[in-house]
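Everything below concerns the one structure shown next.
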């Protein structure tokens, strides 16, 4: 009876020793992933309008709004819309002299 009980206790102890460090590593990995999150800065410009800048975890500028928004809420809404578009966007290659699809056609000179 002592030998099976001892084996059972040893197995349980080894299992716990393996699980506890694994849990700690999982929590540490989650914290590390969260620490690498980028930021979206909401900035009130000199003209009183709100713009946003998007930066990666190291603070490198990735993009932002050229258009000023009347309120901070409108700037946040623009960011949320951008997130939705980026989640499903596809790449399209264009040349710089091509007009955007939603632009009005250019008038020909006479």
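Read-outs throughout are calculated quantities, based only on the coordinates presented, and are distinct from any laboratory measurement. Because the structure is a prediction, the values reported are computed rather than measured. Quick reminder, even Gly has a Cβ in these numbers, built from the backbone with ideal geometry, and neighbours come from all protein chains shown.
Suppose we take every Cα in the stretch 39-88 and form the convex hull; what volume per residue is that in Å³? Walk me through the numbers on the way to the answer.
Values: hull volume 3.7 nm³, N = 50.
Hull volume over Cα atoms, normalised by residue count, gives 74 Å³.
Length gained on full extension, residue 55 to residue 41: 4.2 nm, using 0.36 nm per residue less the C-alpha separation. Counted residue by residue at 0.36 nm each, then reduced by the alpha carbon distance between them, the extension gain from residue 71 to residue 92 reaches 4.4 nm.
When you count, for each residue, the other Cβ atoms within 10 Å and take the mean per peptide, how do 65-74, 87-96 rank with the highest first? Could you put the intermediate results ahead of the total?
Working: 65-74: 12.7, 87-96: 5.9.
Result, highest mean Cβ count within 10 Å first: 65-74, 87-96.
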